[in-house]
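**Q** Input: one structure, supplied below.
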Amino acid sequence: MKTGQEYIDSLRQLKTELYFMGERIENIVDNPYIRPHINTAALTYDMAFDPEFMDLAVATSNLTGEKINRFTHIQQSKDDMVKKSKFLRAIGQKTGTCFQRCVGWDAMNSVYSVSFEIDKKYGTNYHARACDYVKYIQQNDLMVVGGMTDPKGDRGLPPHKQPDPDLFVHVVETREDGIIVRGAKAHQTGAANSHEILVMPTVAMKPEDKEYAVSFALPLDTPGVMLIFGRQTNDERKLGTLDQGNPTYGVVGGEALVVFNDAFVPWERVFMFGETEFVGMMVERFATYHRQNYGACKAGVIDVLIGATALMADYNGVTKASHIKDKIIEMVLMNETMHASSLAAGYESRALPAGNYYPHTTYANITKQNITRYHYEICRLAHDITGGFIATLPSEKDLEDPVTGPIIKKYFQGNANVPAMDRIKMGRLIENATGGTSLVESMHGAGSPQAQRVMLLRDANLERLKELAKNVCGIDCEKEE
Amino acid sequence: MKIGIKYCGGCNPVINRKRLVKQVMQQLPDDVSYEYFDFNDCDVVLVVNGCSIACAEVPSGKDIIMVAGPTIDGWEYPEDKLADKVIEKWSAR
Ligand SMILES: Cc1cc2nc3c(=O)[nH]c(=O)nc-3n(C[C@H](O)[C@H](O)[C@H](O)COP(=O)(O)OP(=O)(O)OC[C@H]3O[C@@H](n4cnc5c(N)ncnc54)[C@H](O)[C@@H]3O)c2cc1C
C-alpha cells in the first residue's frame, strides 16, 4: 500500500497531458486549482495506515491474499459492501468533500463481474485480463478513474446515428496487438490526479453500435490521451485561502474531460469488444455500485455541513429557537435516511456469478434518488439558518487590510463569545459546500434522477403488488399461500 | 506489559476515540507499551468502537476491554468518565 506522500510522489512521475485556463499544465501536483483534490485523494491513502480507520480502510485481496487499500478491493461479502458504505462516510467526515476514488473502485468491480459473464457466453478471456489488471492496481495501489459518461451529443440518438461518430468512445482500428480508440469521457472525477482510467460504455446498445461496445483501461499519460480540467464555482478563490471555505480539500472531485485522440490499447487491457448485449449489464452494474455510495460519502460530507450549520446557529445566538432546532432535526433526518438506505443496499447485497458482491438495486437507487433531492433541501436549510452574510461577505484581502479588516470583524461579529473570524470562516465553508458545483454532483453523478426512477419501476414488481391488492379485497386471483 | 489498541473503522463515531485512548494512556504506568496491528503478544486488548454497534473485529483468545460508544461491557457512562472506567477494568485484572 502507498502512503499519501508516496501517492503524491507517484503523480510527479506521470506525464499526463492536461490543459486548464488556456494552457498546458506541466506541474499538476503543485497547481493550486488541482492541489486540494490531490490532498483529498492522499488522505484515502493515509487512512490505510491510521489505526483509527484501518478496520475500514484495509481489505484482503481475493486475488493475492495481500493487504490492500480498500479502494482497490473486489467486494467479497456483504460485510465488504457494508464496510464500503461506512468507509466512505468516515472519509467524508474528514474531507467535507468528494475524495474521488470510489468511481474507479466501482468500475473495477463492474468490469470484473461482466467480463466473467461475457467469457461464459463467448469463451473469451476478458475476465483473466480483468483479474490481472485489478492485481496490478492493487499491488501498485493506483488511483483509477471510472470512465463511463460519454459526451453523447443528441441524447435521442444511439451512438451509430450521431452526426459526429466520436461523441461516444469507439474503436477506429483493430490491430494484431490491440485497438485504436477515439472519443471522450466527460466529467471524469479525479482524472487530473489519477494514474489510470477504466473505460466502460455509457448506454445500452444494439448490434449496430458494435464498435462502441468497448471497455478498456489505459494509463492517463498514454500518448493520444489528453485532459481538459473543468472550472468550478468560485475556483479563482483557490489562489487564496480563507475564501475557499475548505482550503485543504476543495469542492467536489476536480472533474476533467478525458479525450482519446486515436490512443492505442493493447489487447491485455481490453475487457469488452463488440459484445453489445452486455453493454446494458455493464452500465447497470456500475450505476448500481456507484449509487450506493451517495448515501455514504455524501452522508459524511453532510455531517460536516450539519455541524457547520449548528455552529452558525451558536455563533448567531439562535440555538435555542424551536424552528432552528426543528430545521437541524430535518437535516439529520434526511442525512441518516440516505445513509440507512446505503447500508441497506450493502446488507442486502448478493453474489454475482463472478463471485463478487453487488448492492441491492432498489436500495442503491433509492439512495441516489434521495440525494438528488435531500442534498438540495439540506443546503436550503443551511442557508436559512446561516443567514444572508454568506452571500455578501467581503473578501479575505479586505479582512487582511489594516483599514477594512477591523471594521469587517466588528460588523460581522455574532455571539460575543465567538471570534468574528470563526464566524466568517464557518460562513465561507457553508457557502462553498452548498454552492453550484457541489450540488450538481449530487444531481447527476452516478446518473440523472430519471435513470434511478426507471430502475425503481422495473424492480418494483407491480404485477405482484396488484395480486396482493386483489387478494386483500377478495377479487378472484390465485391465492397467496 | 503490552496493551493492544484496536479501533473500529470510525464511520460515524459518537465518542472521540483518539482522545479516550490518550486519556487512558496518560493514566497507565510508563512501562506499558502499545500495539496497534499485531495483538499476539498483548496481555490485554482495548477495543475502541465509536458507537454501540461495536463492529470492530475482536482479536480472539485475548483479554478484552470493550468500549462501544459511551458504553463499556454494555454499561453506559458519560464520555468524560470512560477513561477512568477503562482504567478500573484494567486494574481489576
Ligand atoms: C460532479 C460530477 C462528477 C461526475 N463524475 C463522473 C465520473 O467520475 N465518471 C463518469 O463516467 N461520469 C461522471 N459524471 C457524469 C454523470 O454520470 C452524468 O452527468 C450523468 O450520467 C448525466 O449525464 P449528462 O451530464 O450527460 O446529462 P444528460 O444525460 O444530458 O441529462 C440531462 C437531462 O436529460 C435527460 N435525458 C438524457 N438523455 C435522455 C433521453 N435519451 N431521453 C429522455 N431524457 C433524457 C436526463 O434524465 C436529465 O434530466 C459526473 C457528473 C458530475 C456532475
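**Q** Yes or no: A:K325 without any contact (Cβ under 8 Å) to a residue 12 or more places away in the chain, more than 27 Å from A:K78 (Cα to Cα) and in the same structural domain as A:M455 (by TED's automatic domain parsing)? Spell out the reasoning first.
**A** On the way: without any contact (Cβ under 8 Å) to a residue 12 or more places away in the chain: yes; more than 27 Å from A:K78 (Cα to Cα): yes; in the same structural domain as A:M455 (by TED's automatic domain parsing): yes.
So A:K325 fits the description; yes.
**Q** List the number of the failed condition for A:V181; all other conditions in (1) open to solvent by less than 10 Å² (accessible area, probe 1.4 Å); (2) within 15 Å of the ligand (Cβ to nearest atom); (3) farther than 20 Å from A:G435 by Cβ hold.
**A** (2)
**Q** Another question, then. Test A:L305 against the stated conditions and say whether it is among the hydrophobic types (A, V, I, L, M, F, W, C) and under 23 Å from A:E377 (Cα atoms). Explain how you work it out, then say what you get.
**A** Details: among the hydrophobic types (A, V, I, L, M, F, W, C): yes; under 23 Å from A:E377 (Cα atoms): yes.
Criteria met by A:L305.
**Q** Is at least one residue of the stretch A:473-481 open to solvent by 60 Å² or more (accessible area, probe 1.4 Å), charged (D, E, K, R) and modelled with pLDDT of 95 or more?
**A** No, every residue in the stretch A:473-481 fails to be open to solvent by 60 Å² or more (accessible area, probe 1.4 Å), charged (D, E, K, R) and modelled with pLDDT of 95 or more.
**Q** Separate question: Among the residues of the stretch B:18-44, which ones are touching a residue at least 40 places away in the same chain (Cβ under 8 Å) and within 12 Å of chain A (Cβ to nearest Cβ)?
**A** Answer for the stretch B:18-44, where residues must be touching a residue at least 40 places away in the same chain (Cβ under 8 Å) and within 12 Å of chain A (Cβ to nearest Cβ): just B:L20.
**Q** Scan the stretch A:153-169 for residues that are within 16 Å of the ligand (Cβ to nearest atom) and surrounded by 15 or more Cβ atoms within 10 Å (Cβ to Cβ) and report the count.
**A** Number satisfying all stated conditions: 9.
**Q** In the stretch A:43-96, what count of residues is obtained for those that are open to solvent by 10 Å² or more (accessible area, probe 1.4 Å), away from every other protein chain (no Cβ under 11 Å) and assigned to a helix (DSSP H, G or I)?
**A** Total satisfying the criteria: 4.
**Q** Looking for something among the hydrophobic types (A, V, I, L, M, F, W, C), in a helix (DSSP H, G or I) and more than 16 Å from A:L88 (Cβ to Cβ) - is there at least one such residue anywhere in the stretch A:318-327?
**A** Taking the stretch A:318-327 as the starting set, the residues that turn out to be among the hydrophobic types (A, V, I, L, M, F, W, C) are A:318, A:321, A:324.
Remaining after also requiring in a helix (DSSP H, G or I): A:324.
Retained after the next criterion (residues that are more than 16 Å from A:L88 (Cβ to Cβ)): A:324.
Yes, some residue in the stretch A:318-327 is among the hydrophobic types (A, V, I, L, M, F, W, C), in a helix (DSSP H, G or I) and more than 16 Å from A:L88 (Cβ to Cβ).
**Q** Still on this model: Which one of these is touching a residue at least 60 places away in the same chain (Cβ under 8 Å) and either in the same structural domain as A:T437 (by TED's automatic domain parsing) or over 25 Å from A:G104 (Cβ atoms) (or both): A:T174, A:T241?
**A** Details: A:T174 fails: touching a residue at least 60 places away in the same chain (Cβ under 8 Å).
Sole residue among the options that is touching a residue at least 60 places away in the same chain (Cβ under 8 Å) and either in the same structural domain as A:T437 (by TED's automatic domain parsing) or over 25 Å from A:G104 (Cβ atoms) (or both): A:T241.
**Q** Still on this model: What is the number of the single condition among (1) open to solvent by 70 Å² or more (accessible area, probe 1.4 Å); (2) touching a residue at least 40 places away in the same chain (Cβ under 8 Å) that A:K320 does not meet?
**A** A:K320 satisfies all of (1) open to solvent by 70 Å² or more (accessible area, probe 1.4 Å); (2) touching a residue at least 40 places away in the same chain (Cβ under 8 Å) except (2).
**Q** Would you tally the residues in the stretch A:184-233 being open to solvent by 10 Å² or more (accessible area, probe 1.4 Å), at positive phi and within 15 Å of the ligand (Cβ to nearest atom)?
**A** 1
The values are calculated or read from the model by the stated rules, or taken from the named source; none is laboratory data. In this text the structure is predicted, and so the values were computed from the model without any measurement. We place every Cβ from the backbone using ideal geometry, glycine too, and count neighbours over all the protein chains shown. The protein model used for the area step is the full one, side chains on, heavy atoms only, and it has no ligands, DNA or RNA in it. Shrake-Rupley method; radii C 1.70, N 1.55, O 1.52, S 1.80 Å.
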